[in-house]
Amino acid sequence: MATKYDEAAYLNDDNNYESLKLSEAIEYIKRDEKHYQQKYHGRLYCPECHRPQIGIVNRNNNYFFRGYRNAVHETECNYGFETVKSDTLQEFALEKENRAFLNKKLQRFVNRFLNRANNHIHNLLLQVDNNRCIRSDVDHIDINNRRNIRRIPTKSITAPFDNDDFDCYMLFYGIVDVLYSKIEKAKVPFYKLTFFKCGTDYKLCSLNFYENVAMYVQNEYQLNIGQKLSNMCVAFFSVMEKENDKYLNARLKHSELLCIASE
Ligand SMILES: [Zn+2]
């Protein structure tokens, strides 16, 4: 399958790579497509290893960065590996003894996203044996031998969603404004984190959970009901569902499968 990206590396006129997020590319295209093509066409590469070229495609009135089939990445590039199957990853995440391991991955991912660390390049790789993920960090030898290594799929919540981004267990992330609320009028009251495009009232998606998870989430991140926090980096493991054919919502089963940090 062609690899999907939420970000590309743009080779500029000075022969340096600049990061171009999909959401930025889309804004650019909507403003001036001709200029976008002149500037970026044929100059976008894998965001991590900069080796294979990537392109932008228009699907269902949205744009997506796509790699070419059988593109060759540098040996240790995360994107050079197939993704873990949804059921395999979900099964792993729901086992109690694996959650601290995945929480560490979320924290590293957030730190890397916020540029606080750049030494966890293999953070998204997992060893998978007989459809079971293995709870240990992969090392260079395993990666070089390509020994059952798979990548955890990731999806930016600030970029548009494609049909195959739904109903699949993965790591969602983004820098967003966060509103914490409690929904009392449901049969079983639940809690909700609503994620907004920064500085706007534009709802991207939400994450729901019950009281037993809320207790831990509230304590960990000192959230108050009704409070909106600006520019937070969030990352969570879940499945995104499209409710009523438009509203995007995911469920959080355990507090350790979420990480929130201020930018
Ligand atoms: Zn690469």
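The values are calculated or read from the model by the stated rules, or taken from the named source; none is laboratory data. It should be emphasised that the depicted structure is a prediction, and the values quoted were computed from it without experimental measurement. Note: ideal-geometry Cβ built from the backbone for every residue, glycine included; neighbour counts use all protein chains shown.
Name the strands (runs of 3 or more DSSP E) wholly inside the stretch 135-235 in which the number of residues that are surrounded by fewer than 16 Cβ atoms within 10 Å (Cβ to Cβ) is 3 or more.
Of the strands (runs of 3 or more DSSP E) lying wholly inside the stretch 135-235, none has at least 3 residues that are surrounded by fewer than 16 Cβ atoms within 10 Å (Cβ to Cβ).
What are the pairs, 6+ residues apart or on separate chains, where a residue within the stretch 29-54 that is on the phi > 0 side of the Ramachandran plot and aliphatic (A, V, I, L, M) has its Cβ under 7 Å from a residue that is surrounded by fewer than 12 Cβ atoms within 10 Å (Cβ to Cβ) and part of a helix (DSSP H, G or I)?
So the pair list comes out empty.
Give the residue that is nearest to ASP142 (Cα to Cα), with candidates limited to residues of the stretch 51-66 that are more than 9 Å from the ligand (Cβ to nearest atom) and of a type in the set (D, E, K, R).
Top of the filtered list is ARG66.
For the stretch 236-257, which residues satisfy the criterion of being surrounded by fewer than 16 Cβ atoms within 10 Å (Cβ to Cβ) and either among the aromatic types (Phe, Trp, Tyr) or outside the structural domain of PHE172 (by TED's automatic domain parsing) (or both)?
TYR247
If you go through the stretch 28-59 one residue at a time, how many are under 21 Å from the mean Cα position of the chain (by Cα) and farther than 19 Å from ASN12 by Cα?
3
Scan the stretch 182-216 residue by residue and report those that are in contact (Cβ under 8 Å) with a residue 40 or more places away in the chain and touching a Leu at 6+ places or on another chain (Cβ under 8 Å).
Scanning the stretch 182-216 gives LEU193, LEU204, CYS205, SER206, LEU207, ASN208, PHE209, VAL213.
Taking the stated definitions as given, is ARG112 assigned to a helix (DSSP H, G or I) and within 16 Å of the ligand (Cβ to nearest atom)?
yes
I need a count of the residues in the stretch 77-96 that are within 16 Å of the ligand (Cβ to nearest atom) and surrounded by fewer than 17 Cβ atoms within 10 Å (Cβ to Cβ).
Within the stretch 77-96, residues that are within 16 Å of the ligand (Cβ to nearest atom) and surrounded by fewer than 17 Cβ atoms within 10 Å (Cβ to Cβ) number 1.
Test of understanding: among ARG69, ARG99, which residue is surrounded by fewer than 18 Cβ atoms within 10 Å (Cβ to Cβ), farther than 16 Å from ARG151 by Cβ, touching a residue at least 24 places away in the same chain (Cβ under 8 Å) and away from the ligand (no atom under 12 Å from the Cβ)?
Unique residue meeting the criteria: ARG69.
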